[in-house]
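Only one structure is covered here, and it is reproduced in the block below.
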Amino acid sequence: MRLSAEEFRKWRHKSITLLGMSGVGKTRLSAMLRKGNWFHYSGDYRIGSRYLDEPILDNIKQQAMQVPFLRDLLRTDSIYIANNLTFDDLSPVSSFLGKLGNPEQGGLSLPEFKRRQALHHQAEIAAMRDVPAFIRKAHQIYGYSHFINDAGGSVCELDDDKTLQALAEHTLILYIKATEQDEKELIRRAEIAPKPLYYREAFLDAQLSEYMALQRLNYVAQIDPDDFVRWVFPRLFYSRIPRYQTIVEQYGYTITTTDLARVETEQDFLALVEQALET
């Protein structure tokens with residue numbers, strides 16, 4: 001959606017999609033806005049609570065069935081397992097995605113890892129295509145004036161024009177670009193606490209081949225899962241930047257993490273958006 005600053009100011013029911021890598025401040029901003037009159041739509045929450053709910057539970061149950069005490073209780077329906085996702089804790093989604101590598105270190109085989117990656121890809125497309133419906137729900141059912149779509153960091157990897165066009169038709173797309181200093185900080189955090197990530201299959205295949213050659217490994221099962229994530233994260237980070245930029249050139253606008261760090265109120269944010277539209 002393309003708007004002038006004046007058109008944005010007069011837009012009665014504002015709807016914005018936030019794009020950017022995990023850690024740039026999308027969820028912090030969304031949480032601040034939802035204290036006011038903004039409906040907070042979390043793409044990752046929708047993925048976990050709607051589209052990956054059953055696969056996540058199946059994975060947890062498979063682990064539980066390996067414990068005789070829990071297996072007997074599950075088979076007799078004496079206990080049940082449920083997801084307890086929140087916007088601030090999406091651990092079940094991360095644990096389902098998992099990491100590639102040595103099973104003795106919690107790693108997944110390549111076929112299983114790719115299966116889960118494919119399910120996540122399909123789920124993210126579905127979650128983003130739900131945005132127009134949730135904009136209507138936000139106004140008509142819940143009575144919110146405005147809508148903020150807190151999109152996952154991997155939305156730039158979807159390679160699905162129909163989904164991006166739907167987002168652009170119904171929302172103003174705002175990319176939060178990390179400054180050079182913040183890029184280094186995000187990479188540093190990933191090295192300290194490597195987390196499961198989504199990778200495009202072509203990117204994964206190329207990086208995996210290079211990593212195994214560098215480490216002189218013959219099998220995926222020899223990979224240290226955390227070491228691979230630490231090694232691949234900077235490459236994933238920088239591969240996504242031009243993808244975000246392409247989306248912005250077609251559909252949206254850009255602010256920086258430095259700009260966003262100065263935002264303390266809804267009015268600060270609105271003023272920042274207007275500035276981005278003007279420039």
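Numbers at a glance
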quantity: C-alpha long axis of helix 201-215 to longest principal axis of the chain, angle in °; calculated: 50 degrees
quantity: Region 1-112: C-alpha pair distances exceeding 18 Å, %; calculated: 66 percent
quantity: Radius, Kirkwood style, for the chain when every pair of distinct Cα atoms is counted (Å); calculated: 20.2 Å
quantity: Region 4-56: C-alpha gyration tensor shape, a/c 1.5 cut-off, then a/b vs b/c; calculated: prolate
quantity: Length added when fully stretched, Ala133-Glu185, from 0.36 nm per residue minus Cα-Cα; calculated: 15.1 nm
quantity: Label-to-label distance, nm, for residues given as Thr279 and Ser22 (7 Å Cα→Cβ offset); calculated: 2.9 nm
quantity: Per residue convex hull volume, Cα atoms of region 146-214, in Å³; calculated: 137 Å³
quantity: Radius of gyration and maximum dimension Dmax of region 235-274, Cα, Å; calculated: 12.6, 36
quantity: Calculated SAXS-style log₁₀ I(q)/I(0) at q = 0.13, 0.18, 0.20 Å⁻¹ - region 190-247, Debye, Cα scatterers; calculated: -0.35, -0.65, -0.78
quantity: Region 65-206: C-alpha gyration tensor shape, a/c 1.5 cut-off, then a/b vs b/c; calculated: oblate
quantity: Neighbour-count ranking [beta-carbon atoms within 10 angstrom, fewest first] of Ile173, Ile187; calculated: Ile187, Ile173
quantity: Helix 180-192 vs. the chain, principal-axis angle (Cα, 0 to 90°, nearest 10); calculated: 30 degrees
quantity: Enclosed volume per residue, in Å³, of the convex hull spanned by Cα atoms of region 158-279; calculated: 134 Å³
quantity: Where chymotrypsin sites (Phe, Trp or Tyr not before Pro) fall in DSSP loop in region 141-208, at most 12 other Cβ within 10 Å; calculated: Tyr142
quantity: Where trypsin sites (Lys or Arg not before Pro) fall in DSSP loop in region 224-279, at most 14 other Cβ within 10 Å; calculated: Arg262
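A short reminder: the numbers here are calculations on the coordinates, not readings from a lab. Here the structure is a predicted model, which is why all the values come from computation and not from measurement. Cβ sites come from the backbone with ideal geometry, for glycine too, and all protein chains shown count toward neighbours.
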